[in-house]
Amino acid sequence: MDRSPDSTAAADSGIRTAPPGGGAVPYAGGGKHEHRWLILGVIGLAQLMVVLDATIVNIALPSAQQDLGFSDGNRQWIVTAYALAFGSLLLLGGRIADLVGRKTVFIAGLAGFAAASALGGAATSFGMLVAARALQGAFGALLAPAALSLLTTTFTDPKERAKAFGIYGAIAGAGGAVGLLLGGVLTEYLDWRWCLFVNLAFAVVAILGGLRLLHGGRPADRPKLDVPGTILVSVGLFCIVYGFSNAETHDWSDAQTWGFLLVGAVLLAAFSWWETRAEHPLLPLRVVLDRDRGASYLAMFIAGAGMFGVFLFLTYYLQQILAYSPVSTGVAFLPMVACMVASSIITTNKLVPRFGPKPIVPLGMAIAALSMVWLTFLDVDSSYAAHVLPPLLLLGVGMGLIFATAMNLATGGVAAHDAGVASAMVNTSQQVGGSIGTALLNTLATTAATSYLVGKQPTPQVRAQASIESYSTAYWWSALFFAVGFVVTLVLYRPGRPKIVATEGAVHM
């Protein structure tokens, strides 16, 4: 057997090496070839747990606030604590997966996430809940890149890889909507604490499946940890996420807003400089400088920012204007989820192998932008079936085109010892994009509502119209995000079909 460094790392990571004639062969470590689809189920469940947690807690916040007695000003920290830890530690988590072994980090991430969820569900004070959310984010930063890199190294056949990433992309894109539905059901019929306790059930199933199905200890071809790079990027991302989160409750001229953003930008610039000189860089430039991979990271960043125009403000519209319950609001998003799943699977199996990413991802951006523009026509007299559902279905199709394609190409062709950090960049792009999008859209929407109310009597009708103005402003800006994404991905993606090579045979770019 070939025991070159990359093939050894591949074997230790549980990668299937196909024989010359194809067919079913055992996985390294004794697993059976047919287990790869069960592995996809385990990985998908772990990813769903991380993604839906970003929205499921939002539904529980009002009940948690009433129960624990914290102020409106402190409420944002329940969300921000998770975002800060998750966003700033993702690249470190990805490199730890490359250093320690993806199975070990995957299981540790699941166990830690579950323990933090249990702590949050049992919280007796605001501080205890914030600490639990920060721990969730930290363990999520271990779990998310390990899950995606396991998927990358498990599915190396191009056709099977396309199917797997279609399903995974649909989970990643639809998880937020699933979180809204599940959070509504748990909060309405049980208690807000179950929005955290439910992660224990997901984690137990995923841990048992991971212990049984996954293979690999420490990879043989292990990179060394870039300590200066780790400090620079972790603190830099922390400052960026904190600065934009602070802008949601403070003015942009506030020193804590622009000061943290400035420091974060300087640290990230220093990180980029250091990575060109480090002997063992945390994020090798070969990972991000490939055109298709770089375009995919930017696509995830822009889509993450634009998606909040739907999940956040359309949730407000359904509950405040159409008077939907939390459960009804979650159900209202399900058709979009169905379209996203179908679009993701068709895209990765049929469209990208035939046409390549260049027409597919820009088309998804254009469709998403069109759906946002369509949503700007909503008013106080609109109905769900006639006015909300059509643009939602259109958005589901567009996001399926974007997520499945970008996730596949963002991790395709990387060397086995870079799979963790390449996967972490996917999650980092989406998380930081989401944080920036939330802050910008919230600020712009609030400004629009305030401007509309100037000189008017604050009657219920006027307040409702002010809310409509704020939502429309957010949709227009989301449309602009996606329009920028259309131009960026149209320019950057290579024409023609993608040249995805097996991970264990990948060469450095």
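Once a ≥ b ≥ c are taken as the square roots of the eigenvalues of the Cα gyration tensor of the stretch 202-331, is the result rounded (a/c under 1.5), prolate (a/b larger than b/c) or oblate (a/b not larger than b/c)? It comes out oblate by the Cα gyration axes. Between Phe355 and Leu334, the C-beta separation translates, for a Förster distance of 22 Å, into a calculated FRET efficiency of about 0.15.
If you take the square roots of the eigenvalues of the alpha-carbon gyration tensor of the stretch 255-347 and sort them as a ≥ b ≥ c, do you get rounded (a/c under 1.5), prolate (a/b over b/c) or oblate? It comes out oblate by the Cα gyration axes. Once the Cα-Cα distance is subtracted from the 0.36 nm per residue extended length, the Asp191 to Asp251 segment shows a gain of 18.2 nm.
Seen from Leu119, the other residues with C-beta closer than 13 Å to its C-beta sum to a net charge of +2, counting Lys and Arg as +1 and Asp and Glu as -1.
Taking all protein chains into account, the per residue accessible area for the stretch 197-349 stands at 43 Å² (1.4 Å probe). Inter-part distance, the stretch 381-395 to the stretch 353-379, computed on C-alpha centroids, equals 16 Å. From helices alone, the chain scores -25500 deg cm²/dmol at 222 nm; the rule is -39500 (n - 2.57) for each run of n ≥ 4 DSSP H residues, then divide by the residue total. Excluding ligands, DNA and RNA, the accessible surface per residue across the stretch 409-476 is 34 Å² with a 1.4 Å probe. Counted residue by residue at 0.36 nm each, then reduced by the alpha carbon distance between them, the extension gain from Arg291 to Leu200 reaches 28.8 nm. In this label model, Ser272 and Ser325 are separated by 5.0 nm, measuring between points 7 Å along each Cα→Cβ vector. For the chain, the longest principal axis of the Cα atoms and the long axis of helix 389-411 meet at an angle of about 30 degrees. Rounded, prolate or oblate for the stretch 360-453? Axes are the square roots of the Cα gyration tensor eigenvalues, ordered a ≥ b ≥ c, and the cut-off for rounded is a/c under 1.5. Taking the square roots of the gyration eigenvalues as a ≥ b ≥ c, the stretch 360-453 is oblate.
Computing the accessible area with a 1.4 Å probe over protein heavy atoms, can you report the carbon and sulfur percentage for the chain? Answer for the chain: carbon and sulfur cover 68 percent of the accessible area.
Mean sequence separation of contacting Cα pairs (under 8 Å, at least six apart), scaled by the length of the chain, corresponds to a relative contact order of 23 percent. Against the main long axis of the alpha-carbon atoms of the chain, helix 255-275 sits at an angle near 10°.
The values are calculated or read from the model by the stated rules, or taken from the named source; none is laboratory data. Keep in mind that what you see is a predicted model, and the values were worked out from it rather than measured. Please note: Cβ atoms are built from the backbone with ideal geometry, for glycine as well, and neighbour counts cover all protein chains shown. Heads up: the accessible areas ignore ligands, DNA and RNA and are worked out on the full protein's heavy atoms, side chains in. Shrake-Rupley method; radii C 1.70, N 1.55, O 1.52, S 1.80 Å.
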